[in-house]
Amino acid sequence: MSEVRYSGVRESRPNRFNDLGTTGREAEEQFKKGCLKRADRSFAQGLQCQQINSMAALMSLEDSVFISHSPQGCVGCAIMAVDMYRVGQIHRGIKQVKNPRLLVTNIDQKSVVFGGEEKLRAAVKKAVERYHPKLAFIYASCASGIIGDDIDAIAADLQTEYPDTIMVPIHCEGFKSKICASGFDAAFLSINKYILKKQSVPKEKGLVNLFAPTTVSYADQREMERMLSLLGAKVNYIPFYSSLEKIKRIPAAEASTSICKVFADEFMKTLWEDYEIPYSHTVMPIGIRNTDKWYRGIAKVLGKEEEVEKIIAKEHERIEPLVAELKSRLQGIRVFICGGTGRSFAAAALIDDFGMKLVGLETPTYDADAQVDIEYLNEIHKDYVVDIANMQPFEQVNLVNKLKPDAFIGVPDWAAKLGIPTTHVLDGKRSTMGYDGLLYLGNKIADQLQNPGFNKKLAKHVKLPYRDSWYEEDAFKYIL
Ligand code: SF4
């Protein structure tokens, strides 16, 4: 019987839910009883699409070109990843800041009728001849998937014509999944298939693959590397600010771990199946408890359990007095959190370090991993609302308006317009992780609370586009 391989579509795993409005307690109990159902919304605003995650994950790779076989609009969201890439270069001391080499084939009505393969072929040729890259990533889109353009065949064909560039087609058609993290999986599946190809390489003692998404700041990268180096590990930081050479070193590692819970978790399973690389999959290292848990997880895989306890004790001695100071500024503050699956659960654990209370949590997916987090959160926070939503700001503003939190942590655009002090936990430019990151983040939240003037003025002058009657409705009325 042939082996069943993971498809890259997160919904293909059992017990994963995208649309849910409930409380922390209910979510835990219903999941345990197997009573959560895959729902849908009868009205929904735009979702984040998986194609952008496939692009953003790889956009900072050296010597690469990125060809999106799509209409122009599909690459609109790339602006955030481009910004992160540019700022990330400055933080890394790069003087001549570059843009990623991103081309779009501009599928239009004519291509939909007559096929877009010639456009794709021309775009790849142009990109390779202009930039002579080591890697050419070719991204599918909804449109290319619907019209059936064979991006694999074109990549294979051009591979013979351009042997010095590795062609990597990526199947990240937006309609395949409502869970945007599927885009990370699509990118890693292609890296495994077209670059690693199950080739065996000599093992490197102490080498650890550290998988990190685009949104991890340079400060966080250094903190994670510092912590791993205290365990005697050498870090292969992948794929952010990485290269073909570093990707090829992945199978040489002794162990793998990821900074985010939903980034490379599936890929680390594949690395275990194909290359027997053990891995640690725990939590995002934000806050004391999660940082300890993350650190112990990778130390266990490396057989450094005793060493890590000594380091953790020393770190706690260093940071606990500073955390106590922050607690005196933040105790009792009621918080609403909105973010990706890794960061939102981690932030909900972090606020407990400062004595803050969770009143609402919005995050894109609920599954067995989330259940582990919710069980812990239910021990430390009481009576909070859970909104499982990929975007859907209309639900968020309804909830925030009713719950009236003192602070909002996460994607701030809408809560800021309601006049709530906001802090962005998805901060790709500053510290948020590890023992140093939690101090920085705590200070940032406290400063925002002391200086709420900007959001207050914003709320006076900007009106959100919803009728007053919407704020009276049940926020979850469209989830069926
Ligand atoms: S790939 Fe599909 S879902 Fe993604 S931006 Fe393009 S049209 Fe939208």
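The values are calculated or read from the model by the stated rules, or taken from the named source; none is laboratory data. All of these numbers come straight from a predicted model, not from anything done at the bench. Note that each Cβ is placed from the backbone with ideal geometry, even for glycine, and that neighbours are counted across all protein chains shown. All accessible areas refer to the heavy atoms of the entire protein, side chains included, with ligands and DNA or RNA removed. Shrake-Rupley method; radii C 1.70, N 1.55, O 1.52, S 1.80 Å.
Using heavy atoms of the protein chains and a probe of 1.4 Å, the accessible area assigned to ASP413 is about 80 Å².
A Cβ-based charge dipole, computed about the Cα centre of segment 321-472 with Lys and Arg at +1 and Asp and Glu at -1, lands at about 900 debye.
Its Cα centre serving as origin, the chain has a Cβ charge dipole (Lys and Arg +1, Asp and Glu -1) of approximately 1000 debye.
Once you divide the Cα radius of gyration of segment 288-328 by 2.2 N^0.38 Å, the number left is 1.30.
How high is the FRET efficiency between VAL9 and ASP108 when r is their beta carbon distance and R₀ equals 35 Å, given to the nearest 0.05? So, using R0 = 35 Å, E works out to roughly 0.80. The shape of the chain can be summarised by an equivalent ellipsoid whose semi-axes, obtained from the alpha carbon gyration tensor, come to 36, 29, 21 Å from longest to shortest. Note on segment 129-277: with neighbouring protein chains present and a 1.4 Å probe, carbon and sulfur make up 54 percent of its accessible heavy-atom surface. With the simple model of a label 7 Å out from the Cα in the direction of the Cβ, PHE43 to GLU325 spans 4.9 nm.
At full extension, LYS457 and LYS234 could sit 75.4 nm farther apart than now, given 0.36 nm per residue minus the alpha carbon distance. Under a model in which nothing but the beta-carbon of Lys, Arg (+1) and Asp, Glu (-1) is charged, segment 297-368 shows a dipole of about 260 debye around its Cα centre.
Of the GluC sites (Glu not before Pro) found in segment 170-269, the ones in coil according to DSSP and having at most 16 other Cβ atoms within 10 Å of their Cβ are GLU204. From its DSSP helices (H runs of at least four residues, each -39,500 (n - 2.57)), the chain gives a residue-normalised ellipticity at 222 nm of -14000 deg cm²/dmol. Using a/c under 1.5 as the rounded threshold, could you call segment 413-480 rounded, prolate or oblate? The axes a ≥ b ≥ c are square roots of the C-alpha gyration tensor eigenvalues, and prolate needs a/b larger than b/c, oblate otherwise. The shape class here is oblate.
Dipole of the chain computed with +1 at Lys/Arg Cβ and -1 at Asp/Glu Cβ about the Cα centre; of GLY174, PRO251, THR22, farthest Cα towards the positive end is GLY174. Rounded, prolate or oblate, given the Cα gyration tensor of segment 207-305, with a/c below 1.5 counting as rounded? Judged from the Cα gyration tensor, segment 207-305 comes out rounded (a/c under 1.5). Net length available on complete extension from ASP152 to LYS314 is 53.1 nm, with 0.36 nm assigned per residue and the Cα-Cα distance removed. In sequence order, segment 100-106 has phi-based couplings of x, 8, 10, 10, 10, 7, 6 Hz under the Karplus curve 6.51 cos²θ - 1.76 cosθ + 1.60, θ = phi - 60°, and Gly or Pro positions carry x. The calculated FRET efficiency for the pair ARG25 and VAL87, based on their C-beta separation and a Förster distance of 56 Å, comes to about 0.90. Using the empirical formula 2.2 N^0.38 Å as the baseline, the Cα radius of gyration of segment 321-472 reaches a ratio of 1.00.
Over the chain, accessible surface divided per residue gives 43 Å², non-protein components excluded, 1.4 Å probe. Pairs from the list LYS110/LYS193; LYS95/LYS248; LYS382/LYS402; LYS32/LYS293 with a Cα-Cα gap above 29 Å: LYS110/LYS193.
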